[in-house]
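To keep things clear, I will list the structure first and then write my remarks on it.
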Amino acid sequence: MAEQATIEKGFERVLGLIGEAAGIDLRRTVDVDALREQFFTGGSLIDWILDHVVVAERDFGANLAEKLHLIWQEDPLVDTANADILKSACPPNIAIKHRALLLRAELGEDSKRPTMLEVAHYDPFSTIDRQLVRRAAGCPIKWILSPRRKVLAGLQNFYGVGGDIFDDLLANRDWDSEDYNFAEQINVIDDEDEEASVVKFVNQIFNESLKQRATDIHIEPMRNDLRVRYRVDGVLRRVPVPDNIVALQSSVIARVKLMAGLDIAEKRKPQDGRIALQVGGLPIDTRVATIPSIEGESISLRLLGQEKFTIDRLDMFADMRKQIDEILSRPNGIVLVTGPTGCGKSTSLFCFLSALNSEDTKIVTIEDPVENRLEGAVQIAVKPEINLTFASGLRSILRGDPNVIMVGEIRDVETAEIAVQAALTGHLVFSTLHTNDSVGGITRLVDMGVEPFLIAASVRAFIAQRLVRRLCLECRVPGGDYSEEFLRKVGFPVREAGRIYSANPHGCDSCGHTGYRGRTAVYELFRITEKVQELIVNGASKQDLQRQGMLDGFINMRDYGWRRVIEGTTTIEEVVSSTELS
């Protein structure tokens, strides 16, 4: 009873300190019984508070440090010059498990073993964690209190993704075996225990990519390293990985190939496959492509299916959304989305198809490859080896009495002409073209060999788009160093200069210190009106077509982008770099 009373008294004292530091009465704002259970079972009270209570972590931590007479560092910095010494002072699995970020070491006379370590942590009440770290380090520790997000991010940057399992994984390898020459070995995972570790390591790569909102993962062998990069908001970011990861290069690549159902013994030819993942109950469809290189197999993974396809996802301005809705209500015609690879054309098409998807509408698609799944639609993958091309597949689709057809891309005159005939015979057809702008789609079809009068009669609209990065709303800064001359040169309305926002050069934790978080599209919609139809039939120039489009209300992508800048969504630099001045 006395021991129980002592523990309860300790809990009450800790509860009071945490409440004072957070500036709130915890007894009135949280489930104290849940917090007590966390305390009595050895869980982290700080984790519980940060996960369940809205507090400013920086102020909370600083106040807590002051009350406990601890040193507070808002941005703990690791002495990377002595990284090897720090990593050897405490095993990665101990440091990561007990959330201890080693910052600096004082060295003894031999300059190898530390006589004191400076370590950042975020939970001053977790005495067990500190004791275990102290025991593993074997020397006195000077504890620094820092924000949780800084400690966890620092651990990942220092040890790399999967750093807590990497030492155990390496320890299980037979370094004297012939398998040490990984450039020569077949990528087969033989050892069961090691396979479990590699599985965990690869899973951590996937998990971390989703946390960072990545759309692609690139695993690339190099001479003395294995580089892992995520594409986030269209920009590649290198991911820190454990030292000596190259030692397990073949095992990691083999694991990914096994997940994708690829031949792990075939390293000379490119291969394509898919991985069906489920993370946190969310299905993620992953497209996998391997490319043989002189240093080994490079793997690219495209993460799909993280968001639902709806028109709202396209985030169009109301006036353009109204025009799109009107076009989608038409029973027939062709709608072509144009732009370079990676600008979101497929996403737009599937959002359009989702808006039309219903029990009384038959939708058939032919794609190369089938990237996104649309429940209720018939989706066909192009297979040139059996002569299933866009053109031959489109002919078969028409015999199946569809209402809506989507062709992944119009690449040749044969496909284009079949699509035109489908539109003229009462079908609504969607497809893509690789052109720089919307008006250029007309020229592209003519160059393919499609008769101008068929273009005028069948096409309803050309939609061009580009992706621009969104400003981080947590750290964006008003204004920007732009001269009036520059603004006029790029076409920005000078009268709106006072409404410009810029990216914070240092960023914040929310955006990964990039100043940007997420992407949105800038569009231009060129509708084929009666006047435009006459110009197409008469062989008018691109300039004449664009001029008529302006009279019909056409807005080019750059002007659309300026509207995004004025509302504070993106920056002038993003719009200029992604659009052409028309």
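The values are calculated or read from the model by the stated rules, or taken from the named source; none is laboratory data. Here the structure is a predicted model, which means the values were calculated and not measured. Quick reminder, even Gly has a Cβ in these numbers, built from the backbone with ideal geometry, and neighbours come from all protein chains shown. Note: areas computed on protein heavy atoms with side chains; ligands, DNA, RNA excluded. Shrake-Rupley method; radii C 1.70, N 1.55, O 1.52, S 1.80 Å.
Filtering the stretch 27-51 to residues that are within 19 Å of ALA65 (Cα to Cα) and in contact (Cβ under 8 Å) with a residue 24 or more places away in the chain leaves SER44, LEU45, ILE46, ASP47, ILE49, LEU50.
Note on the stretch 500-532: residues that are within 30 Å of GLU326 (Cβ to Cβ) and either among the aliphatic types (A, V, I, L, M) or at pLDDT below 90 (or both) amount to 5.
Condition check ((1) open to solvent by 40 Å² or more (accessible area, probe 1.4 Å); (2) under 30 Å from ALA461 (Cβ atoms); (3) charged (D, E, K, R)) across all residues:
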{"position": "SER510", "(1), (2), (3)": "yes, no, no"}
{"position": "THR520", "(1), (2), (3)": "no, yes, no"}
{"position": "ILE536", "(1), (2), (3)": "no, yes, no"}
{"position": "ALA540", "(1), (2), (3)": "no, yes, no"}
{"position": "GLN546", "(1), (2), (3)": "no, yes, no"}
{"position": "MET550", "(1), (2), (3)": "yes, yes, no"}
{"position": "ILE555", "(1), (2), (3)": "yes, yes, no"}
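Of the residues MET316, MET320, the single one that is in contact with a helix residue (DSSP H, G or I) (Cβ under 7 Å, 6 or more places away or on another chain), within 30 Å of ALA457 (Cα to Cα) and not aromatic (Phe, Trp, Tyr) is MET316.
Is at least one residue of the stretch 281-288 outside any strand (DSSP E or B), under 16 Å from ASP216 (Cα atoms) and touching a helix residue (DSSP H, G or I) at 6+ places or on another chain (Cβ under 9 Å)? Give the steps one after another, and end with the answer.
Restricting attention to the stretch 281-288, the residues satisfying the condition of being outside any strand (DSSP E or B) are 281.
Now restrict to residues that are under 16 Å from ASP216 (Cα atoms): none.
No.
Please work out if ALA456 is open to solvent by less than 70 Å² (accessible area, probe 1.4 Å) and more than 26 Å from VAL235 (Cα to Cα). Steps first, please.
Numbers: open to solvent by less than 70 Å² (accessible area, probe 1.4 Å): yes; more than 26 Å from VAL235 (Cα to Cα): yes.
Yes; evaluated as a whole, the condition is true for this residue.
For every residue, the table says whether it meets (1) touching a residue at least 24 places away in the same chain (Cβ under 8 Å); (2) of a type in the set (Asp, Glu).
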residue	(1), (2)
GLY16	no, no
ILE71	yes, no
ASP75	yes, yes
ASN93	yes, no
LEU101	yes, no
THR115	yes, no
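Pairs linking a residue in the stretch 363-383 that is under 21 Å from GLY426 (Cβ atoms) and free of Cβ contacts under 8 Å to residues at least 60 places away in the same chain to a residue that is open to solvent by less than 20 Å² (accessible area, probe 1.4 Å) and of a type in the set (S, T, N, Q), with Cβ atoms under 8 Å and 6 or more positions apart or on different chains, are ALA377/THR365; VAL378/THR365; ILE380/THR365.
Pairs linking a residue in the stretch 540-564 that is free of Cβ contacts under 8 Å to residues at least 12 places away in the same chain and over 22 Å from ARG488 (Cβ atoms) to a residue that is open to solvent by less than 50 Å² (accessible area, probe 1.4 Å) and part of a helix (DSSP H, G or I), with Cβ atoms under 9 Å and 6 or more positions apart or on different chains, are ALA540/VAL532; ALA540/GLN548; SER541/LEU535; ASP544/LEU535. The residues in the stretch 433-483 that are modelled with pLDDT under 90 and part of a helix (DSSP H, G or I) can be counted, and the count is 0.
In the stretch 464-497, how many are open to solvent by less than 80 Å² (accessible area, probe 1.4 Å) and either farther than 30 Å from ARG527 by Cβ or touching a Pro at 6+ places or on another chain (Cβ under 7 Å) (or both)? Steps first, answer last, please.
In the first step, residues of the stretch 464-497 are kept if they are open to solvent by less than 80 Å² (accessible area, probe 1.4 Å); the result is 464-472, 475-477, 479-480, 482-483, 486-487, 490-494, 496-497.
Cutting the leftovers down to either farther than 30 Å from ARG527 by Cβ or touching a Pro at 6+ places or on another chain (Cβ under 7 Å) (or both) gives us 471-472, 475-477, 479-480, 482-483, 486, 497.
The total comes to 11.
Which pairs have Cβ atoms under 8 Å, sit 6 or more apart or on different chains, and link a residue in the stretch 479-505 that is hydroxyl-bearing (Ser, Thr, Tyr) to one that is assigned to a helix (DSSP H, G or I)? Cβ pairs passing all conditions: TYR482/ALA497; TYR482/ILE572; TYR501/VAL565. A single member of LEU394, LEU424, LEU428 is touching a Ser or Thr at 6+ places or on another chain (Cβ under 8 Å) and closer than 20 Å to LEU353 by Cβ, and it is LEU394.
The set of residues in the stretch 304-352 that are aliphatic (A, V, I, L, M), in contact with a Leu (Cβ under 9 Å, 6 or more places away or on another chain) and open to solvent by less than 10 Å² (accessible area, probe 1.4 Å) comprises ILE324, ILE327, ILE334, VAL335, LEU336, VAL337. Every condition in (1) within 20 Å of the chain's Cα centre (by Cα); (2) within 28 Å of LYS345 (Cα to Cα); (3) open to solvent by 40 Å² or more (accessible area, probe 1.4 Å) holds for LYS531 except the one numbered (1).
When ILE566, ILE572, ILE536 are screened for being aliphatic (A, V, I, L, M), touching a helix residue (DSSP H, G or I) at 6+ places or on another chain (Cβ under 8 Å) and farther than 21 Å from SER483 by Cβ, only ILE536 passes.
Take the conditions (1) among the acidic types (Asp, Glu); (2) open to solvent by 60 Å² or more (accessible area, probe 1.4 Å); (3) over 20 Å from LEU374 (Cβ atoms); GLU297 misses just one of them, which is (2).
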